[in-house]
Structures are given as structure tokens and as C-alpha cells.
1. Would you mind working out the magnitude of the charge dipole of region 80-125 relative to its Cα centre, with +1 at each Lys and Arg C-beta and -1 at each Asp and Glu C-beta, to the nearest 20 Debye?
2. Go ahead and run the numbers for FRET between ARG117 and ALA155, Cβ-Cβ distance against an R0 of 35 Å, rounding to 0.05.
3. Test of understanding: what is the full-extension gain from ILE178 to ASP217, defined as 0.36 nm times their sequence separation minus their Cα-Cα distance?
4. Can you tell me the FRET efficiency between ARG110 and ARG5 if r is taken as the Cβ-Cβ distance and R0 is 22 Å, rounded to the nearest 0.05?
5. Under 20 °C and 1.002 mPa s, how fast does the chain diffuse according to Stokes-Einstein, given a Kirkwood radius computed over C-alpha pairs? Answer in µm²/s, whole number.
6. Please name which of ILE205, ASN218, LEU169 has its Cα lying farthest along the dipole of region 130-236 towards the positive end, using unit charges on Cβ (Lys, Arg +1; Asp, Glu -1) and the Cα centre as origin.
7. For the chain, what is the percent of antiparallel DSSP beta bridges, rounded to the nearest 5?
8. Would you mind working out the magnitude of the charge dipole of region 130-236 relative to its Cα centre, with +1 at each Lys and Arg C-beta and -1 at each Asp and Glu C-beta, to the nearest 20 Debye?
Amino acid sequence: MTGSRKKVLLVEDDGKITDLLTEYLSTFDFQVTATASPASARKHLEQGNFHIMILDVMLPEEDGFSLLRDLRPRLDIPIIMLTARGDLTDRVVGLELGADDYMSKPFEPRELIARMRALLRRTETKDKAPDTTHNVLLKSGDLELNRMSRSIRLANSDINLTTMEFDILERLMDNKGIVLSRDRITEMIHGEEFEPFNRTIDILISRIRNKLQDSADNPRFIRTVRGAGYLFLSDGRS
């Protein structure tokens, strides 16, 4: 095993899927720890430093949503949810609870790899030297985004955003005063090949607003432009 291998916690109770993903991810130099038990997942997270978690919704004893709700406030690694039947409700709930991405069963393992790598690339930013072509700090009023540490501060208090939430806020602040459509935001984060369901961006922006104590009706930071998308306001003023 090399030091560069990324550690994956796979929480899945379907033995066939577990075996398939464990073998497949290993061929791409991922180190997989698999469990079907939420209680066991908690113990693994306490004992090891994982880079990413793949979490199934339907689990014995406790569902994936309950586990996500419990873990997310103190767990800052990317989390990909696996949902059955492409259920819209599962996707919405997962995103609202702080999942970074989702995949519907059955899925193509190569797509899972692509999404994992995309999330890991973004979280690794904090371990690299800053890109001198971009400002490391983005500021608007008392809101500060640090690209280097991937951290957010509002009125000198730390704000905890998921990977996807951070990426969306960064793109909006980078394009302050410019309306970005939902499709454009998605393309900037994932690339053209990613096809989310139409509420993904709305749900994530709603979560960002809640964490920034920003009102959709009287916004300081993010304004909804009906029929067009979202606009980050200049200097934190409406």
C-alpha cells in the first residue's frame, strides 16, 4: 500500500454491491473499508481517517439518512449517497441533510469513480499551494471565503459548508454581480457531462442561505433572479 491511496468508507448492506465496489475501487488504488452496520461505520470513523464515504440509504437497524444527520455536523469529508429506484424524495432529503452527491441504483461504477475523483480533487485544495491566478480570499461585507483552507467565516464565526455548498458559494462570489443559471453553476462545478435533477442547485443554495442567515426575500448575499438563476450581491448588500 502506498501513502497516496485514498481511504474509502463504504456503508452498504447489499453483499453483491459491496464485493463489486470493493474490488473495482481497489483497481483504481482506493483502499476500501466496507460495513453494513451504521454502528460499525461510526466506530470506523472514530478509528481511521477516511477521505470519502459512500453511504447507502437503506440499511439495517438505522437508515442512511439518520446516520448522515448524525455525522454531518462533525464530519467534513465528501459523502456520496446511493439511492434506490432513482427516488426523487431520497435525493432531496440526502442533499438537505448535507450529502455532496448521489447516485441511483443501478449505476455504472466508472461514473462513481469519476464523481469520487471530482469531489476529492476539490477537497485536496486545502493541502496545496494557492493558485496565484486567483485571489485566495474572497470577501463580501463580513463574509470571507478562503480558497486555501476551504473555510468560510461570517462576522468572525466559522461556517461549516459541505464540499458542494462551498463550491457553489465560491463560484457565485467569483462572479459577483453576474447572474448564473442553475445549468451554468452545475457545469462550472461538475462539467458538462453531469446531469442533476432540477432541484439540486436550489436545495444546496437554500442550505447555504440558512447557514449564512441570508433571507431569500431580503437577501444580503444571494438573490434569486426569477427565470434566470442566482446573483451574488456586491459587498453583502441587497
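No lab work stands behind these numbers, since they all come straight from the coordinates. Note that the coordinates shown come from a computational prediction; the quantities given were computed from them, not determined experimentally. Positions of Cβ are generated from backbone atoms using ideal geometry, with glycine treated the same way; all protein chains shown enter the neighbour counts.
1. 180 debye
2. Efficiency computed from Cβ-Cβ geometry: 0.50.
3. 12.2 nm
4. 0.70
5. Rounded to a whole number, D works out at 115 µm²/s.
6. ASN218
7. 45 percent
8. I would put it at about 340 debye.
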